[in-house]
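> Next up is a structure, given as structure tokens.
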2 protein chains.
Amino acid sequence: MEVAVWLPFLAVAAALGFAGYLVWSIRREDMGPEKVREIHGVIKVGAKAFLNRQYKTLLSFMVIVGVALGLAINWQTGVSFIVGACSSAAAGYIGMTVAVEANARTAAAAKQGVGKALRIAFKGGAVTGLLMVGLALLGLTVFYTLWRDPILFAGFGFGGSIVALFARIGGGIYTKSADVGADLVGKVEAGIPEGDPRNPAVIADFVGDNVGDDAGMAADLFETYAVTMIGAMLLAVIPTVSALKVVEGGAAIYNEAKLVYPLMLGAIALFATIIGTFAVRTGGKGKPSTAILQGIVVTAIISIIGFYLLTTGLGLSMGIFYAAIVGVVVTVLLAVINNYYTSYAYRPTRSISEASQAGPAVNLISGLATGLESPALPVIVIAASIPIAFFLAGGAANIIDGFYGVAVAVMAMLSIAGIIVSVDAFGPIVDNANGIAEMAELGEDIRAGLDPLDALGNTTKSLTKAFAIGSAGLAALSLLFAYLVEVVRGMIHLNPEAFAKVTFQEALLSVVDKVTLMSPKVILGLFIGGVLVLLFASLCMRGVAKGAFSMVNEVRRQFREIKGLMEGKAKPDYARCVDISVRTALKNMAPPGLVVIIPPIIIGFVVGWEALAGLLIGATVTGLAMAIFMATGGAAWDNAKKYIELGNYGGKGSPAHAAAVVGDTVGDPFKDTAGPAINPMIKAINMLSVILAPLFLLLAFL
Amino acid sequence: MEVAVWLPFLAVAAALGFAGYLVWSIRREDMGPEKVREIHGVIKVGAKAFLNRQYKTLLSFMVIVGVALGLAINWQTGVSFIVGACSSAAAGYIGMTVAVEANARTAAAAKQGVGKALRIAFKGGAVTGLLMVGLALLGLTVFYTLWRDPILFAGFGFGGSIVALFARIGGGIYTKSADVGADLVGKVEAGIPEGDPRNPAVIADFVGDNVGDDAGMAADLFETYAVTMIGAMLLAVIPTVSALKVVEGGAAIYNEAKLVYPLMLGAIALFATIIGTFAVRTGGKGKPSTAILQGIVVTAIISIIGFYLLTTGLGLSMGIFYAAIVGVVVTVLLAVINNYYTSYAYRPTRSISEASQAGPAVNLISGLATGLESPALPVIVIAASIPIAFFLAGGAANIIDGFYGVAVAVMAMLSIAGIIVSVDAFGPIVDNANGIAEMAELGEDIRAGLDPLDALGNTTKSLTKAFAIGSAGLAALSLLFAYLVEVVRGMIHLNPEAFAKVTFQEALLSVVDKVTLMSPKVILGLFIGGVLVLLFASLCMRGVAKGAFSMVNEVRRQFREIKGLMEGKAKPDYARCVDISVRTALKNMAPPGLVVIIPPIIIGFVVGWEALAGLLIGATVTGLAMAIFMATGGAAWDNAKKYIELGNYGGKGSPAHAAAVVGDTVGDPFKDTAGPAINPMIKAINMLSVILAPLFLLLAFL
């Protein structure tokens, strides 16, 4: 078996094996007192019940779409689509299950110190990270072994995107309906602490954290990884022969080294990630943030060395290696900028805390100002990386090489995805552990141990979002290019005579020349793509508004009608609140999802393929800015509140704190529903276009 | 003298003469009781003092820029820039002065019934509308008569854009700092009504309404008109001869009819506007909204008939006339959609009112959802109009004809600008009259007479914003095309040999082919253009946050420290609040303004002209969506509050009302600062690029 296949398989085996070991070692840990076990049981049942219902709805839809794709395009696309959807769902499901197990054990372990708690939480996160990357790489390697041509298994990425999209929307609406409802009535109106067992929405809130942050995020990063790699592989198989040979089915000469490069790059990075997880250690008094940083740095360094050896080994140009370095640098810069905007050590977040003294409205205006400012630097970094990677990889001489360079830069970013997800998944585990500790009344000393971990979790969570959306912005470009390649293929098939005398690349350039900024169809597409992002975000927010509204009314009703609830003599009706979240999420996840899928199809069929190209980039440009605005703004609002809780501007219970809670609540659906859902949204419409390109052309010719 | 010159001059003379008559007839009206006179005097002094300071700062900056442009480009550009800046400032200044006179008299006239008050308010608005269009058309006709070539007086539009930009930012920060501060402490904390003389920020609030809504809006629409017409004229002078002839200075054959068409179209529309103002009449019991609708419809119908006669008279293709019809249809659709999203008769605004019952956070989430949804339909209308106007005007055969068609469509939209501004300027006059009536304690019956006019004013205000930004989106495309034409001219001058054998139009098409969506430089520009809009909006919001923060603290301090204030025994210190608004506005108007001017220059010089083309369209795409989001969202929040005040969901004083006030306050800087400022922002960067294009090329060749 060739190295391009066995190396990825070996990496996958190592990752899955190691993940299995981690699961075993987590389950061995003690869950502590009975109360923790009890809460753990309730969360587990609630989370699984929701995912089962969500996936059942979703998977029947996916099978229908898969069959349709199989009939309309080819059977491989249909099969790979369904496999991708199931893998993404599995990644989310397993990731969440592990997180639920780790939550309770982290809460219990906090008694024995921060170090132990950190270890369990990070192990839980690492399982998700390794599994997500492992499953994606496994699927891609299997399909590559079977079919070789990545366009045949583009459906794998598309299936993953669609599941991730609905997982993000549904999970996001679930968790934020519960969270907003619980906070507004519990914390603001009734004045009881977060996670207080008297709050009827507290269980829905816990379950939401798992289905939103864990399952949603795992599915999201699974698709990010799969789609990015498919994008890179698609750019490696652009034929260098005459256009007609492509139709005749003659041996189109691909660059085999470029085709397997992404797979092997992924394999190397996966090994690096496994080693990196061992670097996450606190000696005893080491800071948790240092431990995590160690893990990321070790992974990045090993990856870079591996990339260098791989690039020379495959005999590829050094320009491609430099493009990979660009990707790593982008990740580091995004992390630094994200930290500046969301940590309360710096001006942006503190300005929100300060503004809270003038009431909720000024807190909100200030938070919106900070949020709207936050995309500037990340977008400049990403925008600058495009021509840099493009020209380093030889784009000046050959546009295909240039975009391959951009694709490799994103692959390099994703090489550290495994460790970043580990760190991200760690966030909600600690968050939940903290909540469980509160609800199980484990005592103040345990909370004190978990609190610094919780703040760290906030930062890592927003880091992943910045990272995911940044990579999405770049990956979308590879996919747009791949889309145009498919358009050319389709054109050649439909009208071979017109391409009798040109090479495939010349045909491609003639198509690229048609998507200028001065084509009225392209302009139409650009405008519609831009506004689609806002409409999508609106529908996500609307879902949360509806859910939160019902939740607030329900919690108010229970406080009012259940006698002895506030005195702790009666139990609230947790199940009704869970039910509100479930119903709101399932009912409201369809509209935003369909807004992503339907308009590109209409534009492609009615206005044409040029307009769709415009739509794709319009959505990417606006989506990148909006996603960072929402994710960072939301995190800044959250940490501005935390800064006040440290005792600044009056501290907990002051009017400034009340104002900051309103801001935090408004930021919730920004950062956990609409913002992160834009990432799979951008990739879903791009994958959709790549796959349906032949159909758009076919109809235009009828 | 040729008809193309005397017809516009005649129209300008008629408009200015009629405006003079209206001013005279307003000044003849009685200002009523002494208290109204007193308040009127204070507002007048405050408003003029601010504009004097703002313009002084601004005009010295403009003179420096004008001289620099004169030296770097040519003296005509410098001169026309300064003239444009002064005209825009004059339009704002006169418009505001008239509005201040009309405010007090409308308040006094309300005693004699709605009909009389409506008449005075509308007269005041009509002065602004007629003056704004008249001054712009006057300047353009004079420059056309003198120099003929519109590229020489492109500076006129650019100067107007820059003044409008700063007027919108400065005025917007002034008015919203005062408004937010007055509302938050007065209405929310102290529970006194809006406009109550005990509120220290009330005078700053009144002054703000005039400098923001009146002066800012007049300058804004002056530049919209001037820039749009220059854009259309630039597309008419693209040479049809060989490229080299352009360099040799030989008689480049322009299409004279196409060049004068926009000027004559403007003249016809101005006559139609004068006639339209007479149609604004309420019989006695007619509804005010019907009266205003009559005016718009009459203007539109006369304009369309005139356009038809003009098009046939000049012997131009009927396709151009159809493109003009597209523009009129777009305006009508934008008005209908805007009404749906901002009136409390419909779901979007009511959903915010309903959500307010669950507190401010859910009101805000719901309002953001509505705001983010609102651009979808308007952007689809605008996006669809582009290929329609393009192909109707013959774009399939000749891209230049196509974009000329798009430019004519915007000109047709603007043909009803005069009447729309009249209606818009009417809004703040009634708003202020209502406030003055409250402060002068004229009695409940007068308020009751003014209240329906106030609600109508809210709708007309948001209509103008939708209209202005919609036209900006289309005008930006003409300007982008004009920018590429300038790039070609520059290239030919720098390297004549390369263009020896092609026509100018062939050279142009070869340049257009370089701005494809797959150019990494264009992509970089697209991303940066998109994020620039968010950064700009952020800095505007930040200015308001700072001003509101200081204002809240000052008002709180006065309530606390001035003995007897709440009992009406002592007077508040109005001047200090005015001073806070003035200082905040002047200090914070520079950063957003510079963010608009500096980055395009850096991108143009450092990355190149292709990247700047990307930046322009990226900013237009994102700017259009964001501007509508902010303007419509803000208006919906405002009217959601008004719907509750009608007695729904608990009415005034209920918790839902308190929540809605927070939402309204957050919406304030959206709809009156950041949102409307995006319109001149988009045009300023486009004009800047058109004018500086030769420099970008020159440096690239060094």
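The values are calculated or read from the model by the stated rules, or taken from the named source; none is laboratory data. Keep in mind that what you see is a predicted model, and the values were worked out from it rather than measured. With ideal geometry, Cβ positions are generated from the backbone for all residues, glycine too; neighbour counts draw on all protein chains shown. When the accessible area is computed, the model is the full protein with side chains, heavy atoms only, and any ligands, DNA or RNA have been set aside. Shrake-Rupley method; radii C 1.70, N 1.55, O 1.52, S 1.80 Å.
> Once R0 is set to 56 Å, what does the formula 1/(1 + (r/R0)^6) return for the Cβ-Cβ distance between B:Val336 and A:Leu16, expressed as a FRET efficiency to the nearest 0.05?
The computed FRET efficiency comes out at 0.45.
> While we're looking at this one, here's another question. Rank these residues by their accessible area, most exposed first, probe 1.4 Å: B:Ser471, A:Ser550.
Heavy-atom accessible area, descending, gives A:Ser550, B:Ser471.
> Using a label point 7 angstrom from Cα along Cα-to-C-beta, what distances in nm, from shortest up, separate A:Phe605 from the other copies?
A:Phe605 label point versus its equivalents elsewhere: 5.1 nm.
> Another one. Karplus couplings for the stretch A:627-641 from phi (6.51 cos²θ - 1.76 cosθ + 1.60, θ = phi - 60°), rounded to Hz, Gly and Pro as x?
With coefficients 6.51, -1.76 and 1.60, one gets 5, 5, 3, 6, 5, 6, x, x, 5, 5, 4, 4, 6, 4, 5 Hz.
> Still on this structure, please answer the following. Please determine, in degrees from 0 to 90 and to the nearest 10, the orientation of helix A:34-72 with respect to the longest principal axis defined by the Cα atoms of chain A, where the helix direction is its Cα long axis.
On a 0 to 90 degree scale, this one is about 20.
> Just need the relative contact order of the stretch B:98-137 here, percent rounded to a whole number, with Cα pairs under 8 Å and 6+ apart.
40 percent
> Rounded to the nearest 0.05, what FRET efficiency do A:Glu34 and A:Leu146 give with R0 = 51 Å and r taken as the Cβ-Cβ distance? Could you check?
Once the sixth-power term is evaluated, E becomes 0.50.
> Assuming a ≥ b ≥ c are the square roots of the Cα gyration tensor eigenvalues, decide whether the stretch A:340-454 counts as rounded (a/c under 1.5), prolate (otherwise, with a/b larger than b/c) or oblate.
Note, shape of the stretch A:340-454 comes out oblate.
> Could you give the accessible area per residue of the stretch A:557-689, probe 1.4 Å, as a whole number in Å²?
29 Å²
> Treat each spin label as a single point 7 Å out from the Cα along the C-beta direction, and report the B:Thr57 to A:Leu293 distance in nm.
In this crude spin-label approximation the distance works out to 4.1 nm.
> Would you kindly derive the ³J(HN,Hα) couplings of the stretch B:194-208 from the backbone phi angles with the Karplus curve 6.51 cos²θ - 1.76 cosθ + 1.60 (θ = phi - 60°), listing them in order in whole Hz, with x for Gly and Pro?
Running phi through 6.51 cos²θ - 1.76 cosθ + 1.60 with θ = phi - 60° gives 4, x, 5, x, 6, 7, x, 8, 5, 5, 4, 5, 4, 4, x Hz.
> Could you rank B:Glu194, A:Glu486 by how accessible they are, 1.4 Å probe, largest area first?
B:Glu194, A:Glu486
> Across the residues of B:185-192, average count of Cβ atoms on other protein chains within 10 Å?
That average works out to 1.
> Let me ask you something else. Please turn the phi angles of the stretch B:216-223 into ³J(HN,Hα) values with the Karplus equation 6.51 cos²θ - 1.76 cosθ + 1.60 (θ = phi - 60°), one per residue in order, whole Hz, x for glycine and proline.
x, 5, 5, 4, 4, 6, 4, 5
> Round to the nearest 0.05 the FRET efficiency obtained for A:Asn74 and A:Arg557 when R0 = 41 Å and r is the Cβ-Cβ distance.
0.15
> If I fit a long axis through the Cα atoms of helix A:256-278 and take the longest principal axis of the Cα atoms of chain A, what angle between them do I get, 0 to 90°, rounded to 10?
Approximately 20 degrees, to the nearest ten.
> Assume the label is 7 Å from Cα along Cα to beta carbon: what separations in nm does A:Leu309 have to the matching positions in the other copies?
Listed shortest first, these distances are 8.5 nm.
> Under the definition of Cα pairs under 8 Å and six or more residues apart, what whole-number percent is the relative contact order of the stretch A:400-489?
44 percent
> Please identify which residues in the stretch A:481-504 have an amide N closer than 17 Å to a label point set 7 Å out from the Cα of A:Leu699, following the Cα→Cβ vector.
Label zone hits: A:487, A:490-491.
> Take the alpha-carbon centre of the stretch A:618-635, take the same for the stretch B:153-196, and report the distance between them in whole Å.
Each part's Cα centre sits 27 Å from the other's.
> Given axes a ≥ b ≥ c from the Cα gyration tensor, I'd like to know whether the protein assembly as shown is rounded (a/c under 1.5), prolate (a/b larger than b/c) or oblate.
Note, shape of the protein assembly as shown comes out oblate.
> A further question on this structure: Could you do me a favour and compute the accessible area per residue for the stretch B:395-532, 1.4 Å probe, result in Å²?
Result: 22 Å² of accessible area for each residue.
> Over the Cα atoms of the stretch B:307-396, what is the Rg over Rh ratio if Rh follows Kirkwood?
Here the Rg-to-Rh quotient is 1.25.
> Let me ask another. What lysines sit close enough to A:Lys571 to cross-link, taking a C-alpha to C-alpha distance under 24 Å and skipping anything fewer than 8 places away on the same chain?
A:Lys35, A:Lys44, A:Lys48, A:Lys176, A:Lys187, A:Lys563
> Enumerate by residue number the GluC sites (Glu not before Pro) in the stretch B:1-45 meeting two conditions: DSSP loop (anything except H, G, I, E, B), and at most 10 other Cβ atoms within 10 Å of the site's Cβ.
Those satisfying the criteria are B:Glu2.
> Can you give the accessible area buried between chains B and A, summed over both chains, with a 1.4 Å probe, in Å² to the nearest 100?
Counting both chains, the buried surface is close to 6700 Å².
> Also, I was wondering about something else. Taking chain A as the reference, fit the longest principal axis to its C-alpha atoms, fit the long axis of helix A:114-147 to the helix C-alpha atoms, and give the angle between the two in degrees, 0 to 90, nearest 10.
20 degrees
> Taking a 1.4 Å probe, which of B:Phe61, A:Phe696 shows the most accessible area, and what order do the others take after it?
Solvent-accessible surface, decreasing: B:Phe61, A:Phe696.
> Which of the residues in the stretch A:506-521 lose at least 20 Å² of accessible area when you go from the chain alone to all protein chains together (probe 1.4 Å)?
By number: A:Val512, A:Asp513, A:Val515, A:Thr516, A:Leu517, A:Met518, A:Pro520, A:Lys521.
> Shape call for chain B from the C-alpha gyration tensor, a ≥ b ≥ c root eigenvalues: rounded (a/c under 1.5), prolate (a/b greater than b/c) or oblate?
prolate
> For the protein assembly as shown, what % of the accessible area comes from carbon and sulfur atoms, probe 1.4 Å?
64 percent
> Can I ask one more? In nm, one decimal, shortest first: how far is the label point of A:Ala570 (7 Å from Cα along Cα to beta carbon) from the matching points in the other copies?
Between copies, matching label points for A:Ala570 lie 5.1 nm apart.
> Hey, got the average number of other protein chain Cβ atoms within 10 angstrom for residues in B:612-621?
Per residue, the average neighbour count from other chains is 5.
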